[in-house]
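Below you'll find the structure, written out as structure tokens, and then a few comments.
Readers should treat all values here as calculations from the given coordinates under stated rules, not as data from a laboratory. Here the structure is a predicted model, which means the values were calculated and not measured. Note that each Cβ is placed from the backbone with ideal geometry, even for glycine, and that neighbours are counted across all protein chains shown.
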Amino acid sequence: MITLTIDGVRVQAEEGETVLEVAKKAGVRIPTLCYLEGLSPRGACRLCLVEVRNWGGRLVPSCATPVQEGMDVVANSPRLKELRRTILEMLFAERNHICAFCVSNGHCELQDLAMELGMDHVRLPYRWPLLPLDLSHAKYGLDHNRCVLCGRCVEACSEVEGAMTLGFSGRGVFTLVEADLGDPWGKSPTCTGCGKCVQGCPTGALFEKGKATSEQVKRPQILAEVTERRPRA
Amino acid sequence: MNTVVETVKELVRPFAGKPTELIQALHGVQSALGYLPRQAQEAVAAALGVPLSQVRGVVTFYHFFRTQPAGKHTIRVCLGTACHVRGGERVLQALQDELRVKPGQTTADGKYSLEVARCLGCCGLAPVMMIDEEVYGRLDPKKARRIVGETP
């Protein structure tokens, strides 16, 4: 067992557990976006940053940081709240996150985070890119304008479904989630149409066709449930 | 086009079944063919046992890889510090509008490939561009368009 401190409270943890997992068990809330139970942590969104006081105040992504003996973790502080809010503002400024016109309005993790962190406005200029929609798939749609590049769909596709259809193309601000060699999703020879990517998507980037906004409720937890039920080798 | 697939198969034979050699394999194929056509990417994926999406990721991540054949002439517009300060972006924008391509692409007639460079080593002439091996300096959008137009 490992003993560490989270927000001044001493907690015990198993070796190999992450700071985020331990905090969750101890009832300490850390906001997350790209993290999803059942998938490998990516540390992509940086919203779960925590400060490790005895590492010289270093900021680490709690989802991808294994616990160590004697760690003194600050999970919530005015500084962290401000940092997380700024990160969120950057996510909002990068594409077109206009809740009123989004299929996921009311069931969106990005929207929930904005409310939780008190993000009432964005202090950065919006980039407003005009990105295409891929509506070629029979059951699902992909709107790049709503995508935060968290990678949950890509991991659901490779780690849980094993189809490896979805991947990232391009780099930096021009990164897109695409199928195979960048072909229309509906024509993908590798996609099984399972929809795990859609269920895992935190925003309205991936959505089910033929569903109204009020019905567009996702079940990201099914990814953990599926992997949990799977017999272990 | 089957010859492309045959050529690629031959080229990637040493990397067969080795997903970690993806970049090496793509390098080899691009040196032989000059670019990475769709069939070549598919053949590399199949030979190495790498998902198509991963091949796509690598090919689009690294600027070195191209998915279209290079044009007859390669135009490199410098966006290094000195050229940036002296309006390199405006020169690039003018050529993009003129040729109707973005950096990394080739015009529909196959005449020009437009690329971006980071310092061509003659900052005193900023903003500069190169057409093949020739350097052109002290450009403005109009001059750049004229020079490109006069290239045979």
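Starting from the Kirkwood Rh over alpha-carbon pairs, what translational D in µm² s⁻¹ does the range A:2-76 have by Stokes-Einstein at 4 °C and 1.567 mPa s?
So the translational diffusion coefficient is about 108 µm²/s.
Taking amide H positions as modeled 1.01 Å from N, with prolines and chain starts lacking one, the residues under 5 Å from A:Leu49 and 5 or more places away or on another chain are A:Ser62.
Sequence-ordered 3J(HN,Hα) estimates for the range A:195-212 from the Karplus curve with 6.51, -1.76 and 1.60 and θ = phi - 60° stand at x, 5, 4, 5, 5, x, 6, x, 10, x, 5, 10, 8, 8, 6, x, 10, 6 Hz, glycine and proline given as x. Dimensions of the range A:110-233 from C-alpha coordinates, computed as largest minus smallest value along each principal axis and given longest first, are 49, 32, 30 Å. Backbone N atoms of the range A:52-84 closer than 16 Å to the 7 Å Cα→Cβ label point of A:Val9 belong to residues A:72-77.
Taking one quarter of the surface of the C-alpha convex hull of chain B gives a mean projected area of 9.8 nm². Centre-to-centre separation between the Cα atoms of the range A:158-233 and those of the range B:15-76: 25 Å. For the pair B:Thr3 and B:Glu98, a Förster radius of 30 Å applied to the C-beta separation gives a FRET efficiency near 0.30, rounded to the nearest 0.05.
Rg then Dmax, both in Å and based on the Cα atoms of the range A:96-178: 14.3, 40.
For the range A:1-137, the pair-distance distribution built from all alpha carbon pairs, in bins 10 Å wide starting at 0, is 11, 37, 31, 15, 6, 0 percent. By the Cβ distance rule of under 4.7 Å, chain B has these cysteines without a partner: B:Cys119, B:Cys122, B:Cys123.
Please report B:His63, A:His97, B:His73 as a ranked list, fewest other C-beta atoms within 10 angstrom at the top and most at the bottom.
On the way: B:His63 11, A:His97 24, B:His73 18.
In order of increasing Cβ crowding within 10 Å: B:His63, B:His73, A:His97.
Based on the reciprocal of the average 1/r between different C-alpha atoms, the Kirkwood radius for chain A equals 18.8 Å. Counting only residues at least eight positions apart within a chain, or on another chain, the lysines with an alpha carbon under 24 Å from that of B:Lys9 are B:Lys18. Remark: the range A:53-59, residue by residue, has Karplus-estimated 3J(HN,Hα) of 4, 8, 10, x, x, 5, 9 Hz, where x stands for each Gly or Pro and the curve is 6.51 cos²θ - 1.76 cosθ + 1.60 at θ = phi - 60°.
Compute the relative contact order of the range A:2-76 as a whole-number percentage, counting only Cα pairs closer than 8 Å that sit 6 or more residues apart in sequence. Could the numbers behind the result be given before it?
Details: 145 pairs, mean separation 31.6, N = 75.
Computed over the range A:2-76, the figure is 42 percent.
Less than 5 angstrom separates the built amide H of B:Gly104 from those of B:Leu114, B:Glu115, B:Val116, all sequence-distant by 5 or more or on a different chain. The angle separating the long axis of helix A:78-94 from the principal Cα axis of greatest extent in chain A is about 10 degrees. Think of the range A:102-229 as a dipole: +1 on every Lys or Arg Cβ, -1 on every Asp or Glu Cβ, centred on the Cα centre; then among A:Ala114, A:Leu133, A:Thr227, A:Leu133 lies furthest on the positive end.
In degrees between 0 and 90, to the nearest 10, how far off the longest principal axis of chain B does helix B:38-48 point, with axes built from Cα atoms? For B:38-48 against chain B, the angle is about 40 degrees.
For a test of the definition: using alpha carbon positions, the gyration tensor, and the 1.5 limit on a/c, classify the range B:2-61 as rounded, prolate or oblate. Verdict is rounded for the range B:2-61.
At a Förster radius of 22 Å, what calculated FRET efficiency corresponds to the Cβ-Cβ distance of A:Glu215 and A:Leu131, to the nearest 0.05?
Working: r = 25 Å, r/R0 = 1.13.
FRET efficiency, A:Glu215 to A:Leu131: 0.35.
Calculated on C-alpha atoms, the gyration radius of the range B:73-150 divided by its Kirkwood radius gives an Rg/Rh of 0.93. Proximity of backbone amide H atoms, modeled 1.01 Å from N, is registered between A:Gln216 and no other residue at under 5 Å, excluding neighbours fewer than 5 places apart on the same chain. Annotation: for a label point projected 7 angstrom from Cα along Cα→Cβ of A:Ile98, residues of the range A:143-175 with backbone N closer than 19 Å are A:143-148.
Computed from backbone phi, the HN-Hα couplings of the range B:102-107 come to 9, x, x, 10, 10, 5 Hz, rounded to whole numbers (Karplus: 6.51 cos²θ - 1.76 cosθ + 1.60, θ = phi - 60°; Gly and Pro given as x).
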